[in-house]
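What follows is one structure encoded as structure tokens, with my remarks underneath.
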Amino acid sequence: MLTTTIFIAVLVGSLLTNFLLEAIILWLGARMAKIEAATIKRTLWATVLISAAYLAVMVLAWVTTALFPQLQTVMAFTILATAFAAPVLIISRVLRTKRWKSLLIWIPTLASTFLVQIALALPVREHLFEAFTLPSNSMAPTLMGPHWEGVCKECGSRAVGSTHQLFEGEQPSPQLMICVDNFHETMVDNFDTHVHPQDRIIASKYLSPQRWDMIVFRYPEDPTTKYVMRLVGLPGEEVVIRDGAVWIDGAKQPLPEHLRGLNYVTKIEHFLEQMSGTVEFPAQLAEDEYFVLGDFSSRSKDSRLWYEGAPGHSKYAVPTDHLDGIVTHTYWPPSRWRVFR
């Protein structure tokens, strides 16, 4: 709850700052253009109406894309058109001026958004929150990249799996998917090939990592790439995956209720190397190392499967200095809004 409160406070604060700057710049521009009707009251009212128009279109886009994901591109163009047309029409009406002059005095207000982003982006991104998108389905169904959806013929639950390119006339073959209700992995042939959009998430920079958190980190084999995985092993612990569960220092770790049904595998087809974190090869973590796993265990390249570690660290370890944040929210698409911590 605290992270949500802080996030909303930062968001509202940035919106209010942007609103005031936009109103000030609009009023100054109107005065310089010698528009007699450009009083402070009218300028504020015009700014309110412009903000309301933006909000209305965003809500419409939110609802539409939630109900009809295939219209996402159409709504993007609608938002873009409204962003240009609505301010000009509103300023022209409220300040009683011609539309071409409305356009000229509105354009400088775009600087307010730019200034707010510059002023807030760096400190917020470095110390509070950062937004990420999910490119893959290693954390499905908790967090999802672009994906197909089908129906599990064993349990009847909705299942999700990764997409791949289909050539013209090609029929999709059965895919390994994971059920959204119980983490059950199964081959599914009853699915459509509509690509559902990936999740967009918020990660907190100020929280301390805890077991079962989802963390954003720099991939040890390529630090320019960022992954999202579930944290299961903490510094100094020995991690072993046995009977589908995580064992820490010889003790089986109970799953949180929201992860009930999650099963970690220690054999993956076509992976011929020794898997880390198994009974045969336990993962012993140093005092500045973590062990991570994906929720879609058979389709996750996590600590079990890495070939090379960060310099000076075990191949299966995420060093402390590679952590970039704790996942706290899914904010898009609207139908998947969730608070994790």
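The values are calculated or read from the model by the stated rules, or taken from the named source; none is laboratory data. All figures in this text were calculated on a predicted structure; none of them were measured in a lab. Every residue, glycine as well, gets a Cβ built from its backbone with ideal geometry; the counts of neighbours run over all protein chains shown. Accessible surface is based on the protein model in full, side chains and every heavy atom, while ligands, DNA and RNA are left aside. Shrake-Rupley method; radii C 1.70, N 1.55, O 1.52, S 1.80 Å.
If one puts a single equal scatterer on every Cα of the range 222-287 and applies the Debye formula without solvent, what log₁₀ I(q)/I(0) results at q = 0.19, 0.24, 0.26, 0.29 Å⁻¹?
-0.88, -1.19, -1.24, -1.29
Among Thr47, Thr142, Gln253, which residue has its Cα furthest toward the positive end of the charge dipole of the chain, with +1 on Lys/Arg Cβ and -1 on Asp/Glu Cβ?
Thr47
With θ set to phi - 60°, apply the Karplus curve 6.51 cos²θ - 1.76 cosθ + 1.60 along the range 78-85 and write out the HN-Hα couplings as whole Hz, x wherever there is a Gly or Pro.
Result, rounded to whole Hz: 5, 4, 5, 5, 5, 4, 9, 6.
Counting alpha carbon pairs within less than 8 Å and at least 6 residues apart, what relative contact order, in whole percent, applies to the range 16-153?
Values: 106 pairs, mean separation 35.6, N = 138.
Reported as a whole number, the value is 26 percent.
Place the peptides 309-316, 293-300 in order of packing, highest mean first, counting for every residue the other Cβ atoms within 10 Å and averaging per peptide. Don't skip to the end; give the middle numbers.
Numbers: 309-316: 16.6, 293-300: 22.0.
Per-residue Cβ counts within 10 Å, averaged per peptide and sorted highest first, yield 293-300, 309-316.
With +1 on the Cβ of every Lys and Arg and -1 on the Cβ of every Asp and Glu, and nothing else charged, how large is the dipole of the chain about its Cα centre, in debye rounded to the nearest 20? Walk me through the numbers before you get to the answer.
Working: 29 positive and 32 negative charges, 506 e Å.
Its charge dipole is roughly 2440 debye.
How high is the relative contact order of the range 85-159, given as a whole-number percent (alpha carbon pairs under 8 Å, six or more residues apart)? Before the final figure, lay out each step's value.
Values: 42 pairs, mean separation 9.8, N = 75.
Rounded, it is 13 percent for the range 85-159.
Toward the positive end of the charge dipole of the chain, about the Cα centre and with charges on Cβ (Lys, Arg +1; Asp, Glu -1), which of Leu15, Leu323, Val94 goes farthest?
The residue sitting farthest along the positive end of the dipole is Val94.
Ignoring ligands, DNA and RNA, what percent of the 1.4 Å accessible area of the chain is carbon and sulfur?
Working: 11090 of 18150 Å².
C and S fraction of accessible area: 61 percent.
Using 0.36 nm times the number of residues separating Ala245 and Asp321, minus their current alpha carbon distance, what extension gain do you get? Present the calculation step by step, with values, prior to reporting the outcome.
Numbers: separation 76, 0.36 × 76 = 27.36 nm, distance 2.72 nm.
So the chain would gain 24.6 nm between Ala245 and Asp321.
For Thr278 paired with Val48, estimate the spin-label separation in nm (one decimal), with each label point 7 Å from Cα along the Cα-to-Cβ line.
The answer from the label model is 6.7 nm.
In nm, give the distance between the simple-model label positions of Val74 and Leu115, each being 7 Å from the Cα along the Cα-to-Cβ direction.
3.9
So what's the gap between the Cα centers of the range 18-75 and the range 214-243, to the nearest angstrom?
With the range 18-75 and the range 214-243 each reduced to a Cα centre, they are spaced 43 Å.
Starting from the Cα of Ala286, step 7 Å along the direction of its Cβ; do the same at Val151; then give the gap between the two resulting points in nm.
5.3
Quick one: what Rg and Dmax do you get for the range 69-133 from the alpha carbons, in Å?
16.4, 45
Which entries of Lys153/Lys226; Lys267/Lys315; Lys252/Lys315; Lys205/Lys267; Lys41/Lys98 have Cα-Cα distances beyond 29 Å here? If you can, show how the numbers build up before the last one.
Details: Lys153/Lys226 34 Å; Lys267/Lys315 18 Å; Lys252/Lys315 23 Å; Lys205/Lys267 34 Å; Lys41/Lys98 19 Å.
In this structure, Lys153/Lys226; Lys205/Lys267 lie more than 29 Å apart at Cα.
Which one, Met1, Phe167, Leu120, projects farthest toward the positive side of the charge dipole computed for the chain from Cβ point charges (K/R +1, D/E -1)?
So the residue we want is Leu120.
Calculated FRET efficiency, Arg93 and Trp337, Cβ-Cβ r, R0 30 Å, to nearest 0.05? List each step's numbers first, then the result.
Details: r = 35 Å, r/R0 = 1.17.
The computed FRET efficiency comes out at 0.30.
Can you compute the equivalent ellipsoid semi-axes for the chain, i.e. the square root of 5 times each eigenvalue of the Cα gyration tensor, sorted largest first and rounded to whole Å? Mind showing how you got there, number by number?
Numbers: eigenvalues 443, 125, 48 Å².
Working through the eigenvalues yields semi-axes of 47, 25, 16 Å.
I'd like the Kirkwood hydrodynamic radius of the range 36-170, using the inverse of the mean 1/r over distinct C-alpha pairs, in Å. Before the final figure, lay out the partial values.
Details: mean 1/r = 0.0524 Å⁻¹.
After inverting the mean inverse Cα-Cα distance, the result is 19.1 Å.
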